[in-house]
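Okay, so here's the structure we're looking at.
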Amino acid sequence: MISIRTLSAVFVAVALSIATVAASAEKWPARPIKVISPFTAGNAGDTVARIVFDQVSQQIGQTLFIENRPGAGGTLAADFVAKSDPDGYTLLLSSASLSSQVIFHKTLPYDAIRAFAPVSLIGLQPTVVVASPSRAFKTLADLVAAAKAKPGTLTFASAGVGSASHMAAERLRVAAAIDVRHIPFRGAEGLNEVMAGRVDFYCIPVAPAVPLINAGKVTVLAVSTRKRAALLPNVPTVAEAGYPDAEYLYWGGVAAPAKTPTTVVHKLHDEIEKALQLPPVREKLATLGVEEQLLTVEQFDKFVSDDMAGTLMLAKSAHLEPED
């Protein structure tokens, strides 16, 4: 039988623990904050985050430094953050890959929804469908016609299974009802294969696509949104080409480990939102093709859940199966 003294000791310990967490939340941030990125340095999502976090660092008087942990489709970074202390000093640079990895793995070392507390959306980036200049494709209709004329022969590259480039192409494949083969690569290797003419097409965020398009290294076919991209106003959208269901927005955000104090989550959210509304930050993000969409913590939570649901629906339509 547990004695009253023992129970009292337990209650005191729990109360002290709660008080410690509360006090820590009140003082946050008292030291530098580590943001774990699942991307390689220089990646579109990584670049956008650095612009925003540099400003947030100035606002809160503490450094937000990015630590790149790419690999395994983003699961290495996510797993690290999921198992970190929920004190607001270790964050995840989250993206749509958080959802896509659920469909490519039978099991994950973390729960993609319950392991994280969504903090803030940073921005949305349209992707563009680009083709090898050695091909005769001038429009999305040309690509679709070629794919239907010879099913299973055209290929598309990606930055890896479950990456944004992969999922954007899968949406196009399903929407256009075409039979094309996926060839996954690591990082920018797939894009290089497209430029070399060894792979037919690729879906890439708009900002890194623009200089390649201007240099004639790739042919742009369409933008993956319902409205045209500001950086490519003369390029038609997938909706204009007749495939509105091929819409794909590459999003980036910030998440914390589950059970991070809500006061910390809301403080961080407010600081990020404040940074996103500053003209210098907005101008820099605009040059990268980032579209602004300010969401509350609760709205971003729903955004992530809806994205997960949409990805699961795509997996069913595209017959995407777990790889391990």
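The values are calculated or read from the model by the stated rules, or taken from the named source; none is laboratory data. Bear in mind that the values here come from a model prediction, so they are computed numbers and not experimental data. With ideal geometry, Cβ positions are generated from the backbone for all residues, glycine too; neighbour counts draw on all protein chains shown. Side chains are part of the model used for accessible areas, which takes the heavy atoms of the whole protein and leaves out ligands, DNA and RNA. Shrake-Rupley method; radii C 1.70, N 1.55, O 1.52, S 1.80 Å.
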Residue 130: passes all of (1) open to solvent by 10 Å² or more (accessible area, probe 1.4 Å); (2) touching a Leu at 6+ places or on another chain (Cβ under 9 Å) but (1)
Does any residue in segment 252-267 that is more than 17 Å from residue 93 (Cα to Cα) come within less than 6 Å, Cβ to Cβ, of a residue that is open to solvent by less than 70 Å² (accessible area, probe 1.4 Å) and modelled with pLDDT under 95 six or more places away or on a different chain, and which pairs are these?
-> 261/25; 263/25
Pairs where the first residue, in segment 78-107, is over 24 Å from residue 310 (Cβ atoms) and the second is open to solvent by 30 Å² or more (accessible area, probe 1.4 Å) and in a helix (DSSP H, G or I), C-beta under 7 Å, 6+ apart = 87/24
Mind listing just one residue for me: the one in segment 224-265 that is small (Gly, Ala, Ser) and under 23 Å from residue 175 (Cβ atoms) and, of those, nearest to the chain's Cα centre (by Cα)?
-> 224
May I ask you to list the residues in segment 157-203 that are β-branched (Val, Ile, Thr) and in contact with a Ser or Thr (Cβ under 6 Å, 6 or more places away or on another chain)?
-> 174, 183, 194, 199
Conditions (1) under 19 Å from the mean Cα position of the chain (by Cα); (2) within 30 Å of residue 178 (Cβ to Cβ); (3) polar (S, T, N, Q): number failed by residue 296 | (2)
Breaking point among (1) within 21 Å of the chain's Cα centre (by Cα); (2) over 16 Å from residue 126 (Cβ atoms); (3) open to solvent by less than 60 Å² (accessible area, probe 1.4 Å), for residue 301 | (3)
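Are there any helices (runs of 4 or more DSSP H) wholly within segment 47-165 with 1 or more residues that are of a type in the set (Gly, Ala, Ser), under 15 Å from the mean Cα position of the chain (by Cα) and closer than 27 Å to residue 33 by Cβ, and if so which? If you could, list the steps in order and put the result at the bottom.
Values: elements: 75-82, 97-104, 140-149.
Of the helices (runs of 4 or more DSSP H) lying wholly inside segment 47-165, those with at least 1 residues that are of a type in the set (Gly, Ala, Ser), under 15 Å from the mean Cα position of the chain (by Cα) and closer than 27 Å to residue 33 by Cβ span 75-82, 97-104.
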Quick one: which strands (runs of 3 or more DSSP E) lie wholly within segment 189-268 and hold at least 2 residues that are more than 30 Å from residue 29 (Cβ to Cβ) and open to solvent by 20 Å² or more (accessible area, probe 1.4 Å)?
-> 219-223
